[in-house]
Amino acid sequence: MTFSVLRTVDAWWVRTPAGAARIDTAATTTRELLADRAAIAAAAASAELVAVESLSLISPVTAPCRVVAQMTNFASHVKDSGLDPQTVPLTFFRKTSGSISGPNDDVVRPAHVRLLDYEVEIGLVFGREMPVGSKIDGENLADYVAGLVVTDDISARDVQLPKTQFYEAKSYPTFTPVGPALVLLDADELKRFTDLRLRLWVNGEVRQDMTVADMIYRPVQTLRELTRFQRMDSGDLLLTGTPIGTAISAPPKAVQFIANLLPSAVKWKMFFRGQAKNPKYLQDGDVVEAAIGTDDGAIDLGRQRTVVRYAR
């Protein structure tokens with residue numbers, strides 16, 4: 001049975017069709033809450049409800065935790081990056097959990113960043129430990145993955161690309177909005193993962209809209225690879241990639257060939273000069289909304305709304 005868990009500064013809640021019920025728990029972290037499933041189920045049956053709109057929601061995934069992410073994991077995004085979906089490897093990177101923010105918090109662009117990008121992604125939240133060497137298959141996936149969340153993998157492209165690494169460019173505070181809900185799924189519900197649709201809007205304009213059918217490496221294969229070297233624990237978060245529609249796009253092949261003949265400093269200077277003219281990068285005051293769910297509404301991870309602010 002699906003449970004949509006919400007979090008405020010002082011409490012945990014379960015969303016029901018009629019409102020939100022407070023969970024009677026001493027849990028202060030996502031990991032502790034996931035160990036108190038009886039309290040979640042009891043709250044879902046409660047008649048003492050408040051309006052969801054009256055709650056000031058924060059991320060349902062608490063820090064500190066591990067935040068692991070997959071790179072170029074949607075065929076459409078891979079092609080848009082100038083790569084081949086048939087040959088792109090399953091690749092991971094890390095983000096700091098200090099980058100986690102709430103579903104309605106401002107996204108703050110550091111003063112030195114110029115090219116701020118967005119990436120709507122499905123977040124897998126672990127419900128138990130996954131030691132290195134764990135055996136993962138379709139039958140036991142739900143033993144490890146407790147639920148799903150909406151995430152936005154915010155990226156400073158002008159930091160990421162010339163440094164050829166992701167950690168700093170994706171780890172500034174507020175660069176991982178999470179929520180509004182942590183949607184806990186049972187094994188049968190988790191099998192509908194491929195039906196999920198990811199959507200993102202900037203100032204009301206649709207920028208990303210794609211289902212998981214476009215995803216290259218799905219959770220079972222991903223976790224099999226991850227468990228070769230990385231332990232995950234209850235409450236940890238795995239971001240699973242984004243579809244086409246981000247601000248950044250690869251230049252034509254001919255331009256890439258010529259640019260690769262140039263010294264690195266010259267190449268990046270030319271690239272960023274061109275990217276600075278791209279209006280899709282996030283600007284001060286832009287409103288970013290992200291939502292994930294099945295088209296029939298059976299699984300709904302909710303919709304987050306964040307506003308971009310420039311650091312002064």
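The values are calculated or read from the model by the stated rules, or taken from the named source; none is laboratory data. Just so you know, these numbers come straight off a predicted model, no measurement behind them. We place every Cβ from the backbone using ideal geometry, glycine too, and count neighbours over all the protein chains shown. Calculation scope for accessible area: heavy atoms of the full protein, side chains included, ligands and nucleic acids excluded. Shrake-Rupley method; radii C 1.70, N 1.55, O 1.52, S 1.80 Å.
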Sequence of His77, His112 from largest to smallest accessible area, 1.4 Å probe: His112, His77
Expected-Rg normalisation [2.2 N^0.38 Å, Cα atoms] applied to the range 1-110: 1.39
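Across all directions of projection, what mean area in square nanometres is found for the Cα convex hull of the range 79-182?
Across all orientations, the range 79-182 yields a mean hull projection of 8.5 nm².
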The range 278-294 versus the range 207-221: alpha-carbon centroid distance in Å: 19 Å
The chain, accessible surface, carbon-and-sulfur percent (1.4 angstrom probe): 53 percent
Cα-based equivalent ellipsoid of the chain: semi-axis lengths in Å, sorted from largest, via gyration tensor: 34, 22, 17
Probe 1.4 Å, protein heavy atoms only - accessible area per residue of the range 126-199 in square angstrom: 36 Å²
Point-to-point label distance, Arg197-Ala18, nm (Cα→Cβ direction, 7 Å offset): 3.0 nm
Integer Hz, Karplus 6.51/-1.76/1.60 couplings in order for the range 158-167, x for Gly and Pro: 6, 9, 4, 6, x, 8, 6, 8, 9, 3
Under Karplus coefficients 6.51, -1.76 and 1.60, residue-wise ³J(HN,Hα) of the range 295-312 in Hz, glycine/proline x: 4, 8, x, 5, 10, 9, 7, x, 9, 9, 9, 10, 10, 7, 10, 8, 5, 9
Most fluctuating residue given options Arg197, Arg231, Arg31, as computed from a GNM of the chain linking Cα atoms under 10 Å: Arg231
The range 120-201: GluC sites (Glu not before Pro) falling in loop per DSSP and having at most 16 other Cβ within 10 Å: Glu129, Glu139, Glu168
R0 of 22 Å, Cβ-Cβ distance Thr29-Arg231: FRET efficiency to nearest 0.05: 0.80
Semi-axes of the equivalent ellipsoid for the range 168-217, Cα gyration tensor, largest first, Å: 23, 17, 13
Cα point-scatterer Debye curve for the range 69-136, base-10 log of I(q)/I(0) at q = 0.22, 0.25 Å⁻¹: -1.22, -1.28
Calculated from backbone phi, Karplus (6.51, -1.76, 1.60) coupling profile of the range 11-22 in Hz, x at Gly/Pro: 6, 10, 9, 10, 7, 10, x, 9, x, 10, 10, 6
Other-chain or far-sequence residues with amide H under 5 Å of Glu129's (modelled H): Ser234
DSSP bridge orientation in the chain - percent antiparallel, rounded to nearest 5: 85 percent
Phe229 - accessible surface, heavy atoms, 1.4 Å probe, Å² rounded to 10: 120 Å²
For Thr211, distant residues with modelled amide H under 5 Å away: Leu198
The chain - charge dipole about Cα centre, Lys and Arg +1 at Cβ, Asp and Glu -1, debye rounded to 20: 1400 debye
Amide H contacts under 5 Å for Arg309, placed H, 5+ residues apart: Val107, Val108, Arg109, Gly285
